[in-house]
Amino acid sequence: MKYIQLGQNGPKVSVIGFGAWAIGGMNWGKTDDEISKNALHEALDCGVTFIDTADVYGFGHSEQLIKEVIKERGKGEIVIATKAGNDFYNADDSDDEGYGAIRQTYTTDYIISAAENSMKRLDMEALDILQLHSPDTDKLEQDDPWEALYQLKKDGKIRYAGWSIQSFQETEQSHILERYHELLDCIQVRYNLLEREAEKKLFSLSEKYGVGVIVRIPLLFGFLTGKFNIYSTFSEDDHRRMNLSREKLENYVKKLSEIQPLYNHFSEDSMTVTSLRFCISHQACHTVIPGAKTPEQVRENCLAGDLGPIPEDLIPLLN
């Protein structure tokens, strides 16, 4: 496993992290807590030191599982990043596009309260990283969420401040990074071989200001592992029923031919490994957080951390 500092001011982390959404037990089909904990243990055994979660993942369950594993292992150099802003405490019975009853709440008091609840679930005196969880632009234009991050830092309740940028808004929301780069230690962004919008403007800004970059959705919900085709279906409790719908799968399959030369060059490696290596190849990117529900998935993900970035001279195979 290779390690890197998360931006100019952030902590040292493994280049392959552990995305802990799926182990929350919601939105990804059936899970088993013991298998999920074994997956976390496997990640730590493979040298992973960065775990990304959110309070809304399983409505607190993901954080609780992480706490149990850390209690068994000891925290050591492990860095845990969580998120706040998707309010499941005060939501009504409406369904948020298949993700459960949640609503965006970014008032100062709410973000501080949510952070304190995460501290309790994780059994931490201070959160390593707290990220605003993909808010709409109008929420980001308000002072409240930024005042919350500032106050939490000032009070010693978070070590680093982050912002998870809303999917498909990588360019549209980039002006927010220019405005708040002095407060932000890191950002999290959707980026993979088929979705490279962040390269247009966001990555150059993050480099300019020394802000760390965490890459999410690197395997496009599993599509870039090669496991799915246009006929793949998902259970009603799996968000991929929407995010990998028949229409979207058909579109992704068409685009796949454009990046096939890169996979062909690394034919001895799995699509998973090559896809993850790409995500840490851009000089602005520091760590990538593929999700995993089993130890086997973790081991394959971590192979990318052993091999490191794809050599720069091979990136033209994608252009």
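The values are calculated or read from the model by the stated rules, or taken from the named source; none is laboratory data. Please read these numbers as outputs of a predicted model, since none were measured by experiment. Glycine gets a Cβ as well: all are built from the backbone with ideal geometry, and neighbour counts include every protein chain shown.
Checking every residue in segment 35-43 against the condition of being of a type in the set (Val, Ile, Thr), in a helix (DSSP H, G or I) and at pLDDT 95 or above gives at least one match. The condition of being surrounded by 22 or more Cβ atoms within 10 Å (Cβ to Cβ), touching a helix residue (DSSP H, G or I) at 6+ places or on another chain (Cβ under 7 Å) and either modelled with pLDDT under 95 or not basic (Lys, Arg) (or both) does not hold for residue 6. Within segment 219-252, work out how many residues are of a type outside the set (Ser, Thr, Tyr), within 22 Å of residue 277 (Cβ to Cβ) and not in a loop (DSSP other than H, G, I, E, B). Total satisfying the criteria: 5.
The listed residues are 291, 308, and the only one of them that is on the phi > 0 side of the Ramachandran plot and touching a residue at least 12 places away in the same chain (Cβ under 8 Å) turns out to be 308. Checked against (1) assigned to a helix (DSSP H, G or I); (2) in contact with a Leu (Cβ under 8 Å, 6 or more places away or on another chain), residue 263 passes all but condition (2).
Across segment 174-204, the qualifying residues are those that are polar (S, T, N, Q) and touching a helix residue (DSSP H, G or I) at 6+ places or on another chain (Cβ under 6 Å), and the one among them that is farthest from residue 282 (Cα to Cα) is 174. When the residues of segment 41-71 are filtered to those that are within 26 Å of residue 241 (Cβ to Cβ) and in contact (Cβ under 8 Å) with a residue 60 or more places away in the chain, the one that is nearest to the chain's Cα centre (by Cα) is 52. For the list (1) without any contact (Cβ under 8 Å) to a residue 60 or more places away in the chain; (2) among the hydroxyl-bearing types (Ser, Thr, Tyr); (3) surrounded by 14 or more Cβ atoms within 10 Å (Cβ to Cβ), I need the number of the one condition that residue 160 fails. For residue 160, the exception is condition (1). Among the residues of segment 276-297, those identified as in a helix (DSSP H, G or I) and surrounded by fewer than 24 Cβ atoms within 10 Å (Cβ to Cβ) are 295, 296, 297. For segment 114-157, filtered to residues that are out of contact with any strand residue (DSSP E or B) (no Cβ under 8 Å at 6 or more places or on another chain) and of a type in the set (Lys, Arg), the residue that is nearest to residue 17 (Cα to Cα) is 121.
Out of everything in segment 298-319 that is touching a Pro at 6+ places or on another chain (Cβ under 8 Å) and surrounded by fewer than 22 Cβ atoms within 10 Å (Cβ to Cβ), what residue ends up being modelled with the lowest pLDDT? Step by step, filter segment 298-319, then rank; the result is 318.
Contact map, segment 105-134: residues that are farther than 24 Å from residue 10 by Cβ paired with residues that are of a type in the set (Asp, Glu), Cβ distance under 7 Å, separation 6+ or inter-chain. Pairs shown: 105/87; 107/144; 110/87. Residue 121 falls short on exactly one of the conditions (1) within 18 Å of residue 183 (Cβ to Cβ); (2) over 19 Å from the mean Cα position of the chain (by Cα), and that condition is (1).
Please specify each residue of segment 193-209 satisfying the condition of being among the acidic types (Asp, Glu) and either in contact with a Lys or Arg (Cβ under 8 Å, 6 or more places away or on another chain) or part of a helix (DSSP H, G or I) (or both). Selection gives 197, 199, 207. Among the residues that make up segment 212-226, is at least one of them hydrophobic (A, V, I, L, M, F, W, C), surrounded by fewer than 18 Cβ atoms within 10 Å (Cβ to Cβ) and either out of contact with any His (no Cβ under 6 Å at 6 or more places or on another chain) or without any contact (Cβ under 8 Å) to a residue 24 or more places away in the chain (or both)? No, every residue in segment 212-226 fails to be hydrophobic (A, V, I, L, M, F, W, C), surrounded by fewer than 18 Cβ atoms within 10 Å (Cβ to Cβ) and either out of contact with any His (no Cβ under 6 Å at 6 or more places or on another chain) or without any contact (Cβ under 8 Å) to a residue 24 or more places away in the chain (or both).
Residues in segment 44-66 that are aromatic (Phe, Trp, Tyr) and assigned to a loop (DSSP other than H, G, I, E, B): 57, 59. Taking each residue of segment 253-274 that is closer than 23 Å to residue 299 by Cβ and looking for partners that are acidic (Asp, Glu) and assigned to a loop (DSSP other than H, G, I, E, B) with beta-carbon atoms closer than 6 Å, six or more apart or interchain, yields nothing. Of the residues 39, 81, 22, the single one that is crowded, with 18+ Cβ neighbours inside 10 Å and out of contact with any strand residue (DSSP E or B) (no Cβ under 6 Å at 6 or more places or on another chain) is 39.
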